[in-house]
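Rule-based calculations on the coordinates, nothing more; no lab input. Because the structure is a prediction, the values reported are computed rather than measured. Positions of Cβ are generated from backbone atoms using ideal geometry, with glycine treated the same way; all protein chains shown enter the neighbour counts.
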Amino acid sequence: MIKTLIFDVDGTLAETEEYHRRAFNVAFEEFGLDWVWDDALYRDLLKVTGGKERIAHYIFRTGAMKDSMDPDGRSLAFLLHQKKTAIYTEMVRTGAVPLRAGIGDFLCAAAENGIGLAIATTTSLPNIEALLGATLGSQWRRMFPVVAAGDMVVNKKPAPDIYQLAVNLLDQNAEDCIAIEDSRNGVQSALAAGLRVVAVRSDFARDDDLQGSIRQLPDCTWLSLELLREIA
Ligand code: XBP
Ligand code: MG
């Protein structure tokens with residue numbers, strides 16, 4: 001019996017990573033840094049989940065600079081990520097990023113059949129509010145009564161924490177939930193939390209090893225109630 005579908009956001013609900021990548025680069029430029037994360041480098045950096053963590057990793061890996069602290073004790077990675085999030089949410093709020101093909105219909109079909117919806121993501125709540133507000137309108141909050149996101153947990157994907165938080169907030173058992181994911185980190189996180197996973201291929205995770213998922217779909221148009229009945 002599947003009680004709830006727990007959706008990842010970036011790469012699953014929408015192909016957002018190209019916009020995240022652009023927002024990082026605009027933030028770097030606004031800080032007077034000559035860092036440019038091109039497509040190939042960003043694909044590699046995506047192995048590190050969390051925008052702040054990704055920047056800190058890049059600083060460490062390149063020795064670009066010592067991650068300095070400002071007078072309020074905030075790191076450069078924190079300040080850069082704060083600016084990036086403001087740029088990204090502005091981009092997304094304009095409606096630049098649609099839901100992936102198939103997602104809207106699947107969300108409606110699941111909800112109409114009494115299946116709950118939730119979110120478990122590494123990105124931050126402001127980013128989710130911008131994306132789902134622009135694509136689903138204010139109803140999105142009623143559609144997803146449980147949202148586990150970003151810094152609500154310390155250990156990000158592939159750690160199980162964010163999915164454990166979502167299951168706990170749902171007051172359900174992991175066995176009653178199915179995770180919908182696009183990346184290796186996401187699949188591993190959900191598996192470690194005891195959930196079954198349906199994986200969908202996405203652009204920036206197209207070469208990811210999605211082993212452990214019970215289905216690996218080429219895109220989100222393959223998501224259906226029939227599929228859920230097969231795996232229930
Ligand atoms: C993907 C991530 C996020 C995004 C950037 O999250 O790892 O870090 O790349 O968003 P998920 P932030 O696939 O779990 O939705 O800069 O807000 O982290
Ligand atoms: Mg993802």
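The table that follows gives values for the structure above.
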| quantity | calculated |
| --- | --- |
| The stretch 2-78: chymotrypsin sites (Phe, Trp or Tyr not before Pro) falling in loop per DSSP and having at most 13 other Cβ within 10 Å | Phe31 |
| Value of Rg to Rh for the stretch 17-93 (Rh from inverse mean 1/r over Cα pairs, i.e. Kirkwood) | 0.94 |
| Antiparallel bridge percentage (DSSP; both residues within the chain; nearest 5) | 5 |
| Relative pair counts by distance (%), Cα atoms of the chain, 10 Å bins | 8, 34, 36, 17, 5, 0 |
| Part-to-part distance (alpha-carbon centres) for the stretch 1-56 and the stretch 161-232, which is given in Å | 19 |
| Built amide H within the under 5 Å cut-off of Val200, gap 5+ | Glu181, Asp182, Leu217 |
| Burial ordering of Lys156, Lys83, fewest other beta-carbon atoms within 10 Å first | Lys83, Lys156 |
